[in-house]
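Student: To start, I am sharing the structure in question, which I have written as structure tokens.
The values are calculated or read from the model by the stated rules, or taken from the named source; none is laboratory data. Since we're looking at a predicted model, the values are computed, not measured. Note that each Cβ is placed from the backbone with ideal geometry, even for glycine, and that neighbours are counted across all protein chains shown.
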Amino acid sequence: MHPRRLIALAIAAGLGLSACLGTTGSGSGTTPPTPPINSVAVAYDISGRGDGGFNDIAYNGAKQAADELGLELIEVTAKLDDTDDDRAERLRLLAERGYDAIIAVGFTYAVPMQTVAAEFPLVRFAIVDDGTVTGPNVRGILFAEHEGSFLVGAAAGLWTQTDQVGFIGAVQIPLIQKFEAGFAAGARQANPDVEVQATYLSQPPDYSGFGDPPHGREAALGMYDNGVDVIFAAAGGSGAGVHEAAAASGSWSIGVDADEYRLAPEAVRDHILTSMLKNANVGTYEFLVSVANMTFTPGVVTYGLANGGVGYATSGGFVDDIAAELDAYAAGIVAGEITVPETP
Amino acid sequence: MARLRGAALLLAAPAAAAFLALVVAAAVLAAAGADPGTTLLDALAYGLRPETLVAVVNKAIPYYLAGIAAAVGFHLRLFNIGIDGQYRLAAFATAVVGAGVALPAPLHLALIAGVALVAGAAWAAIAGLLYVRRGVNVVISTIMLNAVATGLIAWLLSPERLGRLAPGSNNVTTATIAESGWIPAIPTPAGDLNGLVLLAALAGAGYGFVLNRTTIGFEARTMGFSERAATVAGIRGPRLAFLAMAASGAIAGLVGLPQLLGSSHRFGLDFPAGLAFTGLSVAILGRNHPVGVAVGAFVWAFLERSAQVLDLSGVSKEIVTILQAVIVLSIVVAYELVRRARTRQERRAVARAVEGTMA
């Protein structure tokens with residue numbers, strides 16, 4: 001009896017908290033007497049935290065906001081054989097337990113979030129990398145990956161000695177194809193003679209390409225043997241294998257999401273030309289701050305070059321000489337003079 | 001008296017396994033820095049809520065079907081690791097065919113069930129044929145066929161071929177099946193129960209009937225007890241092995257239907273790989289008995305659902321994977337111990353009887 005009563009209490013407390021949020025939220029213009037949210041939950045997809053990449057970056061933004069706002073922060077991770085029902089159950093549990101804001105990292109949560117967000121209208125939801133979930137309490141956080149990829153593509157086009165650059169994507173889905181499209185366009189813009197080779201490590205519904213370094217390594221070695229001397233690895237955890245291959249064959253690679261020069265082992269890092277930065281932290285941070293400030297608005301927010309959502313890394317100093325050119329391209333994209341395609 | 005003691009021994013095995021698993025779980029939780037008592041009680045309380053129990057049963061339905069598919073193979077000592085590929089390929093084929101036709105509901109559902117059974121059986125029959133004709137190990141061939149199925153589905157599911165992609169979405173799926181091909185949920189006060197629970201019950205009953213009431217079931221059991229005795233009795237082993245693989249595949253073909261007809265109505269991210277090992281484990285837990293496998297599937301699903309709470313206590317829910325493994329291992333060990341104890345008991349009984357006649 002006792003534990004069940006405990007849960008009932010927790011649910012009641014959660015409802016109470018959400019109710020507070022609801023009343024203060026609906027009274028537009030009035031300043032809330034207390035912080036309207038107390039806790040935030042972050043739900044990851046399979047790879048979870050500690051990937052050194054995308055999930056960690058999304059967490060950093062949530063953590064920063066939680067520290068500044070004094071929120072309780074909890075994290076949960078998906079299991080390998082999850083279905084949409086499992087993911088919905090996870091989000092539902094978090095909402096029931098009184099978490100005021102729930103961030104799902106990854107588009108696999110799209111369908112479950114659509115269901116659960118409607119069940120808990122007082123909880124604020126955000127989903128990273130998906131723009132299909134709708135509702136008055138849902139924020140979609142999208143990134144203009146093609147814009148950032150254009151810049152590292154330009155860097156590759158300027159850097160290559162053989163006029164051949166490569167792209168290795170994790171899984172052939174629209175999200176990753178955006179990286180390819182931007183990369184190829186940037187490379188061709190900077191170097192009209194360049195030839196772009198592209199390959200994907202797996203095809204949906206097989207998502208192993210996000211976490212298969214040996215496969216990334218083999219694919220990269222094949223490209224380097226073909227005369228490619230710079231490869232952009234938009235392949236999540238598999239990118240580590242691409243960087244290894246770059247070091248092994250004395251060529252160059254480009255990282256993704258995080259500044260991979262800083263994360264890679266010593267032996268490898270001097271072959272990482274630059275990285276396409278995808279600052280998921282900006283999206284998660286701004287979402288939480290908006291919920292806390294009562295300025296939350298539903299709908300999709302896209303983070304691109306203009307608002308610091310994407311960019312390129314300068315660690316290692318390899319792109320210092322061409323940084324002026326890259327920045328000029330960036331300014332051109334922001335000004336609308338350069339239109340970057342989103343599909344290859 | 002001896003019979004009573006035998007029954008007690010039989011019940012002792014699962015009880016001992018459950019107890020051992022609980023002890024290991026508590027130890028691991030303590031090692032991970034959590035309070036085992038509160039954490040386990042919290043998980044249990046969450047798992048026993050009516051809403052969660054309905055969700056547990058929904059999750060257990062595909063596990064049960066996978067368990068029955070595995071049990072069919074086990075009778076002939078065939079490890080059908082291919083349940084994974086068979087079920088996904090069958091679900092995919094079913095989704096494509098089901099979405100491609102317009103039929104009145106009974107015909108639509110009959111067609112869907114037919115496609116699922118045939119696709120699963122056909123894919124498993126490849127491994128069966130390789131085994132009886134060329135002696136290829138079923139474990140190896142089915143693992144390979146899983147990879148082939150994954151590749152085949154990936155190739156076919158591209159938006160240029162049979163796949164569909166909603167704008168702004170990254171979830172490539174097949175087209176959606178028309179409503180005449182849906183199975184409505186059974187409403188309960190604690191939420192919707194997947195209507196395919198009836199299919200699972202039907203499959204379990206069919207399995208029990210064939211195994212215990214038909215010639216081929218008798219042959220399969222005989223073969224399982226002693227291959228030599230079965231061969232001497234004129235049972236054709238290869239034919240039986242082939243049929244068992246095909247039947248196992250046909251049932252595996254049904255594994256995706258609860259998700260497909262009861263929930264998603266299209267093939268996409270909702271059909272995870274890895275169900276073969278769940279099926280094999282559940283069959284072991286249930287000792288290949290239609291009711292036992294149901295209990296095994298329920299326990300498996302219950303553990304996975306309750307585990308959701310662990311994340312909230314700061315404990316990695318992978319601990320449940322440890323727990324599941326411990327339960328399967330201890331069940332196997334416990335039954336082996338029981339088997340030996342029984343053998344000893346029987347020997348002693350025989351010895352006593354013999355001494356009685358001698359004296």
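Student: I'd like to check something: does the range A:231-240 contain any residue that is away from chain B (no Cβ under 14 Å), more than 18 Å from A:Leu151 (Cβ to Cβ), in contact with an Asp or Glu (Cβ under 8 Å, 6 or more places away or on another chain) and not polar (S, T, N, Q)?
Tutor: Narrowing the range A:231-240 to residues away from chain B (no Cβ under 14 Å): A:231-233, A:235, A:237-240.
Now restrict to residues that are more than 18 Å from A:Leu151 (Cβ to Cβ): A:235, A:237-238, A:240.
Now drop any that are not in contact with an Asp or Glu (Cβ under 8 Å, 6 or more places away or on another chain), which leaves A:237-238.
Narrowing the set further to residues that are not polar (S, T, N, Q) leaves A:237.
Scanning the range A:231-240, I find at least one residue that is away from chain B (no Cβ under 14 Å), more than 18 Å from A:Leu151 (Cβ to Cβ), in contact with an Asp or Glu (Cβ under 8 Å, 6 or more places away or on another chain) and not polar (S, T, N, Q), so the answer is yes.
Student: Something else now. Yes or no: the range B:149-172 includes at least one residue that is farther than 30 Å from A:Thr132 by Cα and β-branched (Val, Ile, Thr).
Tutor: In the first step, residues of the range B:149-172 are kept if they are farther than 30 Å from A:Thr132 by Cα; the result is none.
Taking every residue of the range B:149-172 in turn, none turns out to be farther than 30 Å from A:Thr132 by Cα and β-branched (Val, Ile, Thr).
Student: Of the residues A:Ala245, A:Ala233, A:Ala323, which single one is surrounded by 24 or more Cβ atoms within 10 Å (Cβ to Cβ) and either in contact with a Gly (Cβ under 6 Å, 6 or more places away or on another chain) or under 17 Å from A:Gly153 (Cβ atoms) (or both)? Working first, answer last.
Tutor: Working: A:Ala245 fails: either in contact with a Gly (Cβ under 6 Å, 6 or more places away or on another chain) or under 17 Å from A:Gly153 (Cβ atoms) (or both); A:Ala323 fails: surrounded by 24 or more Cβ atoms within 10 Å (Cβ to Cβ).
Within the list A:Ala245, A:Ala233, A:Ala323, the selection yields A:Ala233.
Student: Which numbered condition in (1) at pLDDT 90 or above; (2) under 27 Å from the mean Cα position of the chain (by Cα); (3) farther than 23 Å from B:Leu261 by Cβ is the only one that B:Pro189 fails?
Tutor: Single failed check for B:Pro189: (2).
Student: Which ranges mark the helices (runs of 4 or more DSSP H) fully within the range B:1-109 that have 1 or more residues being more than 14 Å from chain A (Cβ to nearest Cβ)?
Tutor: It comes to B:2-31, B:50-74, B:83-100.
Student: Let me ask something additional. Could you say whether any residue in the range A:71-94 is more than 9 Å from chain B (Cβ to nearest Cβ), out of contact with any Leu (no Cβ under 9 Å at 6 or more places or on another chain) and β-branched (Val, Ile, Thr)?
Tutor: Scanning the range A:71-94 turns up no residue that is more than 9 Å from chain B (Cβ to nearest Cβ), out of contact with any Leu (no Cβ under 9 Å at 6 or more places or on another chain) and β-branched (Val, Ile, Thr).
Student: Residues of the range B:139-157 being within 8 Å of another protein chain (Cβ to nearest Cβ) and surrounded by 15 or more Cβ atoms within 10 Å (Cβ to Cβ), which ones?
Tutor: B:Thr150, B:Ile153, B:Ala154, B:Leu157
Student: More than 10 Å from chain B (Cβ to nearest Cβ), surrounded by fewer than 22 Cβ atoms within 10 Å (Cβ to Cβ), under 30 Å from A:Ala240 (Cβ atoms) and not small (Gly, Ala, Ser): is that true of A:Asn55 in this structure? Don't jump to the end; show me each part of the working.
Tutor: Working: more than 10 Å from chain B (Cβ to nearest Cβ): yes; surrounded by fewer than 22 Cβ atoms within 10 Å (Cβ to Cβ): no; under 30 Å from A:Ala240 (Cβ atoms): yes; not small (Gly, Ala, Ser): yes.
Considered against the rule, which asks whether it is more than 10 Å from chain B (Cβ to nearest Cβ), surrounded by fewer than 22 Cβ atoms within 10 Å (Cβ to Cβ), under 30 Å from A:Ala240 (Cβ atoms) and not small (Gly, Ala, Ser), A:Asn55 comes out as no.
Student: Take the residues of the range B:158-181 that are touching a Phe, Trp or Tyr at 6+ places or on another chain (Cβ under 8 Å) and either more than 10 Å from chain A (Cβ to nearest Cβ) or modelled with pLDDT of 85 or more (or both): which is nearest to B:Leu103 (Cα to Cα)? Full working, then the answer.
Tutor: Taking the range B:158-181 and keeping what is touching a Phe, Trp or Tyr at 6+ places or on another chain (Cβ under 8 Å), we get B:161, B:169-171, B:173-174.
Next, only the ones that are either more than 10 Å from chain A (Cβ to nearest Cβ) or modelled with pLDDT of 85 or more (or both) stay: B:161, B:173-174.
Numbers: B:Arg161: 23, B:Thr173: 22, B:Thr174: 18 Å.
Step by step, filter the range B:158-181, then rank; the result is B:Thr174.
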